[in-house]
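The structure under discussion appears below in the form of structure tokens.
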Amino acid sequence: MATEIAELPAGVARVLRRKDDNGVTTLTLNRPRSGNSLSHQLVHELQDTLDEIRDDRSVRVVILAATGRLFCTGHDLNESVEAMKMPETKREATATCSRMMQSLIGLPQPVIAKVHSVATAAGCELVASCDLVYASSDAKFATPGVNIGFWCHSPQVAVSRAVAPKHAMQMLLTGKMIDAETAFRMGLVSEVVPADKLNERVDEVARHIASKSAYAIAQGKQSFYRQLEMDRGDAYDYAGEVIYRTIQADDAREGITAFLEKRDPVWQDS
């Protein structure tokens, strides 16, 4: 059964909506009038919610979505203008946002970005920080800092780890918008879906992943990102240690036994 956090008093809108439905949690950015820009409040609410989800065994998959015409246009520039008067405030806000982005990677549950429209600057960083990205054919992406006399310093961290260096530099140097098919070819997007099929496709993928062992998924996600930071030899050594530990897990035994017995596994998530 689907459940949703109770609404705030009349006239007060949540900047982040959460909906839980049979193991799939959808987090929806809800600042449509500002292009779902990442205000300090929204970043803090995302961080707090990710912290809650981390230890919530009922959550098996997270979908990141957005309301309104745009997906996410990056940081709230009105807040950035204010921060120019107090640079230390910007330093703290940047550190807080960077922590939130890393929390997406560190989350045991896989995170699927459902991008229906434009994702720019820190919005593009948000997309690149998710494990899977399903984009509408109408979606567009950019790191346009150079267009306003700046550079997308933080977004480049996630983007340059999602696409080849030359593609990342092309985005960063030109600031130009790229379409969903180009983003797919670059590796920023997992799959491009017709706009009217996006919800259905993301739900299908989320339900499929949610049917797997949460233990195996969590261990796999952690090992995937750790081995990416190692050279090849160290990565194989690390993989061997992970295999040694996880082959003894309940779900590994159950999965192998169920396969041999030609039946559906019953996961213990341990």
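The values are calculated or read from the model by the stated rules, or taken from the named source; none is laboratory data. Note that the structure is a prediction, hence the values are computed from the model and not measured. Cβ placement follows ideal geometry from the backbone for every residue including glycine, while neighbour counts extend to all protein chains displayed. Calculation scope for accessible area: heavy atoms of the full protein, side chains included, ligands and nucleic acids excluded. Shrake-Rupley method; radii C 1.70, N 1.55, O 1.52, S 1.80 Å.
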Only one of V205, V242 that is open to solvent by less than 30 Å² (accessible area, probe 1.4 Å), in contact with a strand residue (DSSP E or B) (Cβ under 7 Å, 6 or more places away or on another chain) and not basic (K, R): V205
Among (1) touching a Gly at 6+ places or on another chain (Cβ under 8 Å); (2) farther than 26 Å from A128 by Cα, the one test that G233 misses: (1)
The one condition in (1) out of contact with any Ser or Thr (no Cβ under 9 Å at 6 or more places or on another chain); (2) farther than 23 Å from L104 by Cβ that P194 fails to fulfil: (1)
The range 203-230 residues that are in contact (Cβ under 8 Å) with a residue 12 or more places away in the chain and within 20 Å of D264 (Cα to Cα), paired with ones that are of a type in the set (D, E) and open to solvent by less than 60 Å² (accessible area, probe 1.4 Å) (beta carbon under 7 Å, 6 or more apart): S213/D251; S213/D269; A214/D269; Y215/D251; Y215/D269; A216/D251
Per-region count, the range 24-48, residues farther than 16 Å from T120 by Cα and either open to solvent by 60 Å² or more (accessible area, probe 1.4 Å) or of a type in the set (K, R) (or both): 4
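I need a count of the residues in the range 130-148 that are within 13 Å of the chain's Cα centre (by Cα), assigned to a loop (DSSP other than H, G, I, E, B) and crowded, with 24+ Cβ neighbours inside 10 Å.
Residues flagged as within 13 Å of the chain's Cα centre (by Cα), assigned to a loop (DSSP other than H, G, I, E, B) and crowded, with 24+ Cβ neighbours inside 10 Å within the range 130-148 amount to 1.
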Matching residues in the range 241-261 - criterion: being assigned to a helix (DSSP H, G or I) and aliphatic (A, V, I, L, M): V242, I243, A252, I256, A258, L260
Residue match in the range 165-178 (condition: under 17 Å from V115 (Cβ atoms) and open to solvent by less than 30 Å² (accessible area, probe 1.4 Å)): yes
All helices (runs of 4 or more DSSP H) inside the range 149-220 with 2 or more residues being under 30 Å from N22 (Cβ atoms): 153-162, 180-186, 198-210
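Of all the residues that make up the range 221-236, how many are more than 21 Å from Q102 (Cβ to Cβ), within 28 Å of the chain's Cα centre (by Cα) and part of a helix (DSSP H, G or I)?
Here is the first cut: in the range 221-236, the residues more than 21 Å from Q102 (Cβ to Cβ) are 231-234, 236.
Of the ones still in play, those that are also within 28 Å of the chain's Cα centre (by Cα) are 231-232, 234, 236.
Checking which are part of a helix (DSSP H, G or I) leaves us with 232, 234, 236.
Qualifying residue count, the range 221-236: 3.
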